[in-house]
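The values are calculated or read from the model by the stated rules, or taken from the named source; none is laboratory data. Remember, it's a predicted structure, so these values are computed and weren't measured experimentally. Backbone-built Cβ (ideal geometry, glycine too); neighbour counts: all protein chains shown.
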């Protein structure tokens, strides 16, 4: 069964670049990728923070947060 | 043709975790992944720096650097 990978972003240029490089390029045999725009879907900020996300763009895979470069601090999205 | 993706690491726990999460899970139809241990292969530090790598673990894809979390600064590997 595919592992769930959630990609959190906020529509910033750094996010869009990371989305093209990673979110759309993870092996579909391995990952079931969900893309969440935290700027538009603020209801999911809490879940992202609980998983350890501090900034976007970031992935949460198996409950661990992986920050890719730096686009925006989560506090800027509240 | 597959895009070349180079994963630079230094054997640290953060690196090993990122390697499992990403380097081994990129779509093989999309990426040709090369894994470089900069602690053991210091001759490649210059090429990594030229591509914009500041810390490991990091990917370089299409000439762009993507830092994933923070394991070690490149200066610690010289």
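Which residues, taken from the range B:61-78, are in contact with a helix residue (DSSP H, G or I) (Cβ under 7 Å, 6 or more places away or on another chain) and either farther than 20 Å from residue A:15 by Cα or touching a residue at least 24 places away in the same chain (Cβ under 8 Å) (or both)?
B:61, B:68, B:69, B:70, B:71, B:74, B:77, B:78
Quick test of your reading of the structure: residue B:25 fulfils all but one of (1) within 19 Å of residue A:21 (Cβ to Cβ); (2) under 9 Å from the mean Cα position of the chain (by Cα); (3) buried (at least 17 other Cβ atoms within 10 Å of the Cβ). Name the failing condition by number.
(2)
Go through A:58, A:2, A:51 for me and flag whichever is at pLDDT 95 or above, surrounded by fewer than 21 Cβ atoms within 10 Å (Cβ to Cβ) and touching a strand residue (DSSP E or B) at 6+ places or on another chain (Cβ under 9 Å). If you could, list the steps in order and put the result at the bottom.
Values: A:58 fails: surrounded by fewer than 21 Cβ atoms within 10 Å (Cβ to Cβ); A:2 fails: at pLDDT 95 or above.
From the options A:58, A:2, A:51, the qualifying one is A:51.
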